[in-house]
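What follows is a short report on a single structure.
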Amino acid sequence: MKPIYFDNHATTPVDPRVLEAMLPYFTEHFGNAASRNHSYGWTAEDAVEKARKQIASLVGATSKEIVFTSGATESNNLAIKGVAEMYAEKGNHIITAATEHKATLDTCKHLEKKGCRITYLPVKGDGLIDLDMLRDAITEKTILVSLMYANNEIGVVQPIAEIGKLCKEKGVLFHTDAVQACGKIPVNVIADGVDLLSLSAHKMYGPKGVGALYVRRKGPRVQLTAQMDGGGHERGMRSGTLNVPGIAGLGAACEISQNDMPTESVRLRGLRDRLRATLEANLEEVYINGSMEHRLPHNLNMSFAYVEGESLLMGINDIAVSSGSACTSATLEPSYVLKALGLGDDMAHTSIRFGIGRFNTEEEVDYVAKKMIDVVNKLRELSPLWEMFKEGIDLSKVQWTAH
Amino acid sequence: MAYSDKVVDHYNNPRNVGSFDKSRADIGTGMVGAPECGDVMKLQIQVNAATGVIEDAKFKTFGCGSAIASSSLATEWLKGKTVDQALEIKNTDIVNELSLPPVKIHCSVLAEDAIKAAIDDYKAKQGAGAPAEAVTH
Ligand SMILES: Cc1ncc(COP(=O)(O)O)c(C=O)c1O
Ligand code: FES
């Protein structure tokens, strides 16, 4: 039996309706959308323009403001590097946050080496940035603020509209990595005051390897230095023959998510809250990481104190989730996102991220909850820390032999 | 990460889980690692003072599956050995027995450290003669 998939922040399965929309563009309508002289090209172009509308509609933009990319990693790179190069004369300062995705953080690190100054804002214990701190960080040299809409580990949703308003006031461009938010909660570039927005198909039941960048055309008209040179596709911002089937899939994914969002978000919130309630009712010493109030409806991130994350994953090997434990990471470092919330390494090691998705059921939630409870209890019996906790020993006062 | 069958077996059926009263003179307790590092191992031996033979061993581990398996295996190996023989158990023996991949070598090192710490604790108590005050590292 395949494991129950509860890792929908990592990626999502392709919705069959999305696949349906993609299939004609592989063998039948395989044309190059840039071929202007025959019907193969026109058909492909029609598909691309339809997708552009569907994407624009989901985020409240216009078609002409959508640039297709290979995914959000590329969208973030294009937005941040593109602004840094285009506006180099105006300034060299960029503001981001410690909890951003690596696609943003490493892009900023790259620019730092090239002479940009980057401010990495800390976050509060609930994962939210402090607006006053953002305001104070903006200088005359600031050209861009890049803050994610919703976090991929803890699902915490930033006050995007307030950030947008502040950036507008200060005349600074605002980019948001909305990969985890698009299609899940209402996102509107006008209401939110966003100038650049990254999204990715495979996080919203579309295919992998395709995404988009929204680039504002009016008030202000945002310009970018291309990071991929070539045939001048996408109004010169991103050369390369368009991935027509992928784009058709991204478009369909956006339309479906937009239509289903009102009911789907309520259903997923119900499942998430059920999972949380069952775990909290049956286990002591479990802690939620990040704000519960400002959070994606389908995310739960919990620390199961005194039980190491990788051993937990091993016990629930018929469930696909992920952990912030160092033991599960290639670098042997615990999650930097959880650490940025001020969580001790000990709590980061015991964290599990649940991402519930479109195809999960209530039965699955109940199974996962029961399994988690059983395995946590079993591992606590094995845990010297649990034993010490039960004996009333204050673990923070123990002299550990760190190695 | 795929686990070897032996790691899975020790994880599913850990041997010798538990605790001895660490204040007893015939018990040596080794506690190594730190919660911040994601691994803490407690390993205890019960030694027959007349023969120097480890008659029983118990463990509790907070750590990954490989750390749990390493300490579970260590308790199996310790039983029946003399204290001096026990000092010869090397982390590489554990790595080989459990087929641990390179990233999990430190889990076996921790088990070797725990064995040494337990023996040190036992010897310290013997040296001190009377039942020593329990030492928690
Ligand atoms: C918040 C966030 N940004 C960016 C990315 C990267 O997206 P992609 O996989 O489309 O490059 C991801 C996915 O891992 C993400 O969760
Ligand atoms: S205890 Fe962390 S990798 Fe084994």
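Quick note: the coordinates plus some simple rules give every number you see, no bench work behind them. From a predicted model like this one, the values you see are computed outputs, not experimental measurements. Methodologically, a virtual Cβ is constructed for each residue, glycine included, from the backbone with ideal geometry; neighbour enumeration extends over all protein chains shown.
By per-residue mean of other Cβ atoms within 10 Å, what is the highest-first order of A:128-137, B:74-83?
Highest mean packing first, the order is B:74-83, A:128-137.
Cut-off 16 Å, label point 7 angstrom out along Cα-to-Cβ of B:Asp120: give me the residues of the range B:26-45 whose amide nitrogen falls inside.
B:28-34, B:41-45
Given points 7 Å out from each Cα along the Cα-Cβ axis, report the A:Asp136 to A:Ile393 separation in nanometres with one decimal.
Calculated label separation equals 4.1 nm.
Cut-off is 10 Å between beta-carbons; in what order do A:Phe354, B:Phe20 appear when sorted fewest neighbours first?
Fewest to most other Cβ atoms nearby, the residues stand as B:Phe20, A:Phe354.
Enumerate cysteines in chain B without a disulfide-compatible partner, where compatibility requires another Cys Cβ under 4.7 angstrom.
B:Cys37, B:Cys107
Rg over Rh of the protein assembly as shown, using C-alpha atoms and the Kirkwood radius, what does it come to? Don't skip to the answer; put the middle values down first.
Details: Rg = 27.5 Å, Rh = 25.6 Å.
Value, to two decimals: 1.07.
Under 5 Å between amide hydrogens, which residues at least 5 positions from A:Thr69 or on another chain qualify, with H placed 1.01 Å from N in the peptide plane?
Long-range HN contacts for A:Thr69: A:Gly211, A:Ala212, A:Leu213.
Over the whole of B:52-62, what's the average partner chain Cβ count within 10 Å per residue? Rounded to a whole number, please.
3
Using r as the Cβ-Cβ distance of A:Lys113 and B:Thr92, and R0 as 51 Å, what FRET efficiency do you calculate, to the nearest 0.05?
0.80
Taking the Cβ-Cβ separation of A:Asp366 and B:Val17 as r and a Förster radius of 35 Å, what is the calculated FRET efficiency to the nearest 0.05?
Between A:Asp366 and B:Val17 the formula returns 0.75.
Within a 10 angstrom radius of the beta carbon, how do A:Val187, A:Val266 rank from fewest other beta carbons to most? Please list the in-between numbers first.
Working: A:Val187 24, A:Val266 10.
Fewest-to-most Cβ neighbours within 10 Å comes out as A:Val266, A:Val187.
Net charge near A:Thr278: determine it from the other residues with C-beta under 10 Å of the C-beta of A:Thr278, scoring Lys and Arg +1 and Asp and Glu -1.
Residues close to A:Thr278 contribute a combined charge of 0.
If the cut-off is a Cα-Cα distance under 18 Å, which lysines reach A:Lys64, setting aside same-chain residues fewer than 8 apart in sequence?
A:Lys64 reaches A:Lys50, A:Lys53, A:Lys218.
In terms of modelled amide H atoms, which long-range or inter-chain residues lie less than 5 Å from the amide H of A:Ser351?
For A:Ser351, the qualifying residues are A:Phe304, A:Gly309, A:Gly324, A:Ser325.
At 222 nm, what helix-only mean residue ellipticity would chain B give, in deg cm²/dmol to the nearest 500, using -39500 (n - 2.57) for each DSSP H run of four or more?
-13000 deg cm²/dmol
Fewest to most neighbouring Cβ within 10 Å: what's the order for A:His349, A:His38, A:His175?
Fewest-to-most Cβ neighbours within 10 Å comes out as A:His38, A:His175, A:His349.
Quick check: pseudo-label points 7 Å beyond the Cα along Cα→Cβ at B:Ala49 and B:Ser99, how many nm apart are they?
4.5
Given a Förster distance of 45 angstrom, what is the FRET efficiency for A:Lys90 paired with A:Ala277, based on the Cβ-Cβ distance and rounded to 0.05?
Computed FRET efficiency for A:Lys90 and A:Ala277: 0.35.
Please list 3J(HN,Hα) in residue order for the range A:20-33, calculated via the Karplus relation 6.51 cos²θ - 1.76 cosθ + 1.60 where θ = phi - 60°; whole Hz, with x for glycine and proline.
Running phi through 6.51 cos²θ - 1.76 cosθ + 1.60 with θ = phi - 60° gives 3, 5, 7, 3, x, 8, 8, 10, 8, 9, 8, x, 8, 4 Hz.
For the range B:37-133, what class follows from the C-alpha gyration tensor (a ≥ b ≥ c being the square roots of its eigenvalues): rounded when a/c is under 1.5, otherwise prolate if a/b is larger than b/c, else oblate? It would help to have the intermediate numbers written out before the result.
Values: a/c = 2.44, a/b = 1.77, b/c = 1.38.
Prolate.
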